[in-house]
Amino acid sequence: MIFFWGITLNLEYLVLDMKEMKEEDIIKKALTSGLTDKEKEFLAGREPVLRHLKEQWNEPGDSFLSPVAKERVLGRVMRKIHPYNTRRDYWMKYAVAASLALLISVGSWLIGQNGAKEKTIYVVSAGRQSMESFYLPDGSHVSLNAGGRLTYPESFDGEKREVSLSGQAFFEVHHDPEHPFIVKTKSMDIKALGTAFEVFCVDSLFYAEMILTEGAVEVSTKKEREKGDVLLVKPDEKLAYVMGGKAEIMRVNADQYSSWRREGRPNFKNEKLGMILPRLESWYGISIKCPSELAGKYSFTFSIHDESLELLLDIISKSSPVAYRKKGDSFVLYEKVNK
C-alpha cells in the first residue's frame, strides 16, 4: 500500500490495463526505483491510477489536512499526474509514507511526473499505535515510533548524511567516518559516525532526548538568541534538553530504555510520568495535561497492548494517587486529595 498526503494506492492498480508490459517486471522495477521515464509516463497516465487515486482520497481516514486544504492538494497531485496545460507549474516532489517504506519511491515519481528535475525528498510517517522499520539510502536502519516523522533525501550526496526528525526513532547508523550522520530536531542536532541511539523530540515543547546504546555521539543544543552547547554523550547515557535551558546528562539502561523497538509497543519500567506521558501522547495521538510537580513525583511500570488511553489512565488511577478527568478531546491528570 502506498501512502502520500493521505492518499493510498494499491499497487495492483498501477499495473492494470498494461498489456504492453510484463506486470512482474514493472512491479520489480517500481519497488527498486528502476522505471524508465517512458515507463513512468505510461503508468502515470493510466485511467485506473487517476480513478482509484480520487476514490481512495475520498475514503475516510486520519488525514491531517483540512477538507479545503485536502481538496487543494488533491488538485495539485492530479495536475501533476495528468498535467494538460499546467506544465509551467513546478512543485517539490514528496512521497509521504505511513507503511511499507519500500514503496515511497513509487509515490514520489507519481507526484513529480512531468515536473522539473528536482531532488526527491522522502517523508516517512508512522501512524498512531504503529511502528515503522526501514533502511535509509546509506544502509542505516531506522525504527520509527507512532506519530513520528522522518525526512531524508533520496541519496546522501554531500559531505554529511542529514535527516530531520519529529517524534521518536531509533537509529542504527552505517559506519562511514568520511560522512557524519546528523539527526536534526527543533531543539538539538545529533552527530554520529557509526553507532546506535534513540532520539525523542516534542516539537511543540522544543524538548528532546537522546539515549545512546553504543558508540559515541556529539550533541549540539539550539538556543534562540545565543550559540548552544556541544556535548559528548557516551553509551548508557541520556541527554535531555529543553530549548533555552541547560542540557542534562544522566546514566540509564539504554537497551531497556529503547526496548520498544524490539517489542513493537511502548513499555515502561519504573519511569516518571514526565517521561511516560509524551510517549503516550505520540502513541495515541491524544493530548495529556499534567502539572510539573506531579510529573516527577510517582513512578510506574507497565506495557501497552491494545488498551485504550482512557482504560490505561483508569488503571493508573485505581492503583496510585493519580487521578484524571476528560476535557474535550484531551485528558487532565491531577493528584487525589486525601480526605
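Are there any pairs with C-beta distances below 7 angstrom linking a residue in the range 213-228 that is within 13 Å of Lys191 (Cβ to Cβ) to a residue that is loosely packed, with under 15 Cβ neighbours inside 10 Å and among the hydrophobic types (A, V, I, L, M, F, W, C), with the two at least 6 apart or on different chains, and if so which?
Ala216/Leu232; Glu218/Val230; Glu218/Leu232; Ser220/Val230
Considering Glu281, Glu271, Glu263, Glu248, which residue is more than 22 Å from Gln129 (Cα to Cα) and acidic (Asp, Glu)?
Glu248
Select from the range 322-339 the residues that are surrounded by 14 or more Cβ atoms within 10 Å (Cβ to Cβ) and of a type outside the set (Ser, Thr, Tyr) and write down the one among them that is nearest to Arg265 (Cα to Cα).
Step one: of the range 322-339, the residues surrounded by 14 or more Cβ atoms within 10 Å (Cβ to Cβ) are 322-324, 331-335.
Now narrow it down to the ones that are of a type outside the set (Ser, Thr, Tyr): 322-323, 331-333, 335.
Numbers: Val322: 23, Ala323: 24, Phe331: 21, Val332: 23, Leu333: 23, Glu335: 27 Å.
Taking the candidates together, the pick is Phe331.
List, please: which pairs have Cβ atoms under 7 Å, are six or more places apart or on different chains, and start with a residue in the range 172-185 that is without any contact (Cβ under 8 Å) to a residue 40 or more places away in the chain and farther than 13 Å from Ala216 by Cα and end with one that is of a type in the set (Gly, Ala, Ser) and not in a loop (DSSP other than H, G, I, E, B)?
Hits for this filter: Lys184/Ser164; Thr185/Ala208.
Return yes or no: is Ser287 closer than 14 Å to Glu335 by Cα and surrounded by fewer than 16 Cβ atoms within 10 Å (Cβ to Cβ)?
Details: closer than 14 Å to Glu335 by Cα: no; surrounded by fewer than 16 Cβ atoms within 10 Å (Cβ to Cβ): yes.
Answer is no for this residue.
Tally time: how many residues in the range 149-169 are surrounded by fewer than 23 Cβ atoms within 10 Å (Cβ to Cβ) and in contact (Cβ under 8 Å) with a residue 40 or more places away in the chain?
Total meeting the criteria: 2.
Among the residues in the range 302-309, are any surrounded by 10 or more Cβ atoms within 10 Å (Cβ to Cβ) and farther than 21 Å from Lys269 by Cα? Break it down stepwise before answering.
Of all residues in the range 302-309, those surrounded by 10 or more Cβ atoms within 10 Å (Cβ to Cβ) come to 302-304, 307-309.
Checking the rest, the ones that are also farther than 21 Å from Lys269 by Cα come to none.
Scanning the range 302-309, I find no residue that is surrounded by 10 or more Cβ atoms within 10 Å (Cβ to Cβ) and farther than 21 Å from Lys269 by Cα, so the answer is no.
No value in this document is a laboratory result; all are computed from the given coordinates. Since this is a predicted model, take the numbers as computed values, not measurements. Note that we place each Cβ from the backbone using ideal geometry, even for glycine, and neighbour counts take in every protein chain shown.
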